[in-house]
1. Assuming residue 373 fulfils every condition listed in (1) part of a helix (DSSP H, G or I); (2) in contact with an Asp or Glu (Cβ under 7 Å, 6 or more places away or on another chain); (3) of a type in the set (D, E, K, R) apart from one, which condition is it?
2. Looking at (1) buried (at least 19 other Cβ atoms within 10 Å of the Cβ); (2) more than 21 Å from residue 400 (Cα to Cα); (3) touching a Cys at 6+ places or on another chain (Cβ under 8 Å); (4) not aromatic (Phe, Trp, Tyr), which is the one condition that is false for residue 475?
3. If residue 613 satisfies all but one of (1) touching a Phe, Trp or Tyr at 6+ places or on another chain (Cβ under 8 Å); (2) modelled with pLDDT of 95 or more, what's the number of the condition it fails?
4. How many residues are free of Cβ contacts under 8 Å to residues at least 60 places away in the same chain and not in a strand (DSSP E or B) if we restrict to segment 333-347?
5. Looking only at segment 188-223, filter to residues that are β-branched (Val, Ile, Thr) and not in a helix (DSSP H, G or I); which one of those is surrounded by the fewest Cβ atoms within 10 Å (Cβ to Cβ)?
6. Looking at segment 146-166, which of its residues are open to solvent by 40 Å² or more (accessible area, probe 1.4 Å) and without any contact (Cβ under 8 Å) to a residue 24 or more places away in the chain?
7. Search segment 398-424 for residues being open to solvent by less than 30 Å² (accessible area, probe 1.4 Å) and farther than 26 Å from residue 82 by Cα, and hand back the single one that is nearest to the chain's Cα centre (by Cα).
8. For segment 236-285, name all the residues that are open to solvent by 30 Å² or more (accessible area, probe 1.4 Å), part of a helix (DSSP H, G or I), polar (S, T, N, Q) and touching a residue at least 12 places away in the same chain (Cβ under 8 Å).
Amino acid sequence: MMNILNFSTPSSRNAYVQDWRSKYHQHIADYERAQTSFVPHLLPEFATKFDVFQVLDTLQKRLGRDTLMRALNPEETIPSPLISHTDSQWLKKSNMAGVNVRTIGSFWNVVGYALTLPTFHDSIHLLPIWEPGVVGSLYGKVSWNINGEFYSWQLQRAVPWLDTVEKQLKAVVNVLHALGKTVGLDVIPHTDRFSEIALIHPRLFEWVRREGPQLVDHSEHIWQQVEEVIWQHLHHHGAADGSWLDFDKNILFDPSTPIISDKRRQEIIFGFDQQQRLHRRIALMQTLLAHDFETLPMTMAPPYRGLHINPDVFIVDERGAPWYQYEFDHPQAMSRVFGPLTRYRFYHSKNDNQQWELDFGRPNVAAWQYFTRKYLECQQQFNFDFMRGDMAHVQMRPDGVPTQTDAFYDPLCAVKKYVQQHSAPYFAFYAETFIAPPNVMGYGDEFDHLEAIEADATLGDLQASVIDSQEFNERFTLYDQLLRTRTFAPSFTIITADKDDPRFDEFYRTGNIVRYFVGLFLTDMPSYYSLGFEVRNLHFERAKNEEYTKLYVFQIHDDAETDKVTHGPFEWGENMEQFQQLTQLRLFAESIWEEIADREIRWLLPPDTNGRTLIAWTQATNPTYFFVANLSHEFEAALTVIDVSKYDLVFQTSPASQAHIAPCSGQVYKIRT
């Protein structure tokens with residue numbers, strides 16, 4: 001039996017580091033010879049800081065020189081591990097790892113991190129990869145340019161032809177594919193309020209006019225006035241690339257006009273290098289604000305529509321411009337206004353938007369075509385395998401989910417279908433929804449909505465509750481029912497970058513290993529965890545901001561914002577006990593994975609809402625192993641309800657007395673032959 005609690009293993013970080021250094025060469029050699037699918041005992045902090053040549057040497061020995069050189073050629077495309085798949089069903093059993101690239105510095109460091117991921121962590125989700133906008137928010141994209149802060153100078157010095165961030169991203173996806181990993185991107189149905197995208201194509205967004213703190217016009221066609229102001233601004237200040245504006249303005253602003261490419265439009269209005277583009281964008285933004293125009297901020301949850309400005313709540317930026325807070329006329333429990341963001345105008349309105357009503361029977365086709373085309377181009381350029389659909393819970397139709405939906409029901413679904421049709425039939429959709437009750441996060445039934453948008457899997461909200469709470473048990477029970485009765489698969493989510501936040505420390509002070517145990521060994525349910533979980537400190541008291549990955553979704557350096565400000569890079573946790581437990585669990589899982597991968601399970605003790613803390617399961621057919629977990633963080637549980645006489649205990653995450661299982665721990669039994 002493998003027992004992870006080997007008390008001779010060093011528990012302090014310094015002792016662990018010394019122990020690692022003494023065994024480093026053996027662990028690396030085992031990986032290079034494919035005796036393991038990951039580098040055991042390698043701290044992710046070390047992996048993401050490896051010297052480039054060290055990583056290249058390891059990859060060459062693992063993959064072979066020819067494969068590595070092909071992967072490092074951005075003109076080459078290493079086929080996806082899914083190349084033989086004809087649909088996206090694979091995502092429903094995937095074990096995904098999420099990576100906020102900002103926390104590790106560069107795309108290249110994702111390769112180092114991948115060295116720590118066993119084969120069963122088959123998918124890597126990259127948080128947004130584009131140039132960010134206000135407060136550096138990754139989710140407030142400014143353009144379709146890849147975020148230059150994720151460029152690695154060290155990689156360029158080692159591999160000189162990888163001299164742009166785009167080339168480096170392509171090479172990284174190539175390498176990850178060669179390592180057997182799938183790679184996903186965020187699909188985001190919004191941008192920064194004054195993004196280059198919104199300023200190049202005002203007709204694709206919703207604009208308003210305000211006079212001071214008074215919203216004076218929110219009619220549908222304000223975008224026409226905005227385009228005229230931008231056109232006159234360009235004539236007054238000149239095109240950024242020096243070209244003559246001797247063509248009709250519609251050629252510039254209409255995304256369906258092929259005479260000018262998207263890149264050319266960007267160069268005409270904003271220029272080439274990042275500093276020039278920023279300078280011109282700010283100047284154009286100030287011109288529009290001087291004419292009282294701004295985009296409508298994005299909203300979340302019913303009623304979605306019907307906003308006013310609160311004249312008493314505003315901030316003044318460094319240029320002296322006031323930014324007022326928008327509020328709902330009739331807010332509900334989850335109603336939110338996201339001031340820095342604006343959503344694409346996917347639908348026309350009724351009665352010129354006088355009552356804030358959208359006309360879902362009249363889609364703004366230009367917005368749909370642009371949105372789907374741009375994400376297809378990104379998928380094809382970098383060969384992504386799946387998408388995480390941000391804000392997938394948005395369902396704005398007050399009457400709920402229609403019985404019959406058309407091609408213009410949901411933009412995220414449209415992207416999935418468009419990519420499948422034109423590029424990769426296996427392209428999958430991981431939806432950001434929280435499996436909320438009806439009419440909470442969106443109008444109608446969210447389960448019906450998830451089926452209507454053809455989500456393959458969804459994030460869910462298991463990560464937002466304490467492991468043995470009634471809330472957790474109710475959600476887990478529901479998710480299991482949905483998995484077996486609906487077309488989408490709820491995820492057993494352990495932690496996300498959004499939840500690695502000081503507000504949510506209480507969720508992760510206990511039960512982390514049993515969360516991981518259940519998420520991994522429920523082989524017919526997808527799982528998700530985010531970088532940093534491996535060594536995350538328990539945070540019995542609020543830690544430094546630099547220890548939370550959520551706070552690196554932004555870039556806030558103003559000390560006045562005490563809850564969000566960060567100084568310097570992300571700081572990894574030092575929870576060596578959790579890391580050692582995780583490593584031993586992974587080593588054991590790897591030893592049996594071929595026998596259990598993707599197998600349907602049969603419950604012996606299903607999740608329970610009546611106080612039972614034990615769950616147990618085995619394979620649905622030809623069972624070889626059964627798994628048992630105690631979700632209680634206080635008490636040992638007796639195994640009297642399960643006859644273990646025909647099984648041998650082969651693994652446990654924590655030692656326990658005979659025929660018992662320790663609190664918040666898991667055990668694996670094998671059928672005796």
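1. Only one criterion in (1) part of a helix (DSSP H, G or I); (2) in contact with an Asp or Glu (Cβ under 7 Å, 6 or more places away or on another chain); (3) of a type in the set (D, E, K, R) is unmet by residue 373, namely (2).
2. The single condition residue 475 does not satisfy is (3).
3. Result: residue 613 passes all but (2).
4. The qualifying residues number 1.
5. The first filter runs over segment 188-223 and keeps only residues β-branched (Val, Ile, Thr), leaving 188, 191, 197, 200, 208, 216, 222.
When the remaining residues are screened for being not in a helix (DSSP H, G or I), the result is 188, 191, 208, 216.
On the way: 188: 23, 191: 28, 208: 20, 216: 10.
For segment 188-223, the residue satisfying everything is 216.
6. Selection gives 153, 156, 160, 163, 164.
7. Going through segment 398-424, the residues open to solvent by less than 30 Å² (accessible area, probe 1.4 Å) turn out to be 400, 409-416, 419, 424.
Add one more test, that the residue is farther than 26 Å from residue 82 by Cα, and what stays is 400, 409.
Working: 400: 27, 409: 23 Å.
For segment 398-424, the residue satisfying everything is 409.
8. Within segment 236-285, 274, 276 qualify.
The values are calculated or read from the model by the stated rules, or taken from the named source; none is laboratory data. Keep in mind it's a predicted model, so treat the numbers as computed, not measured. We place every Cβ from the backbone using ideal geometry, glycine too, and count neighbours over all the protein chains shown. Ligands, DNA and RNA are stripped out before the accessible areas are found, and what is left, the full protein with its side chains, is counted by its heavy atoms. Shrake-Rupley method; radii C 1.70, N 1.55, O 1.52, S 1.80 Å.
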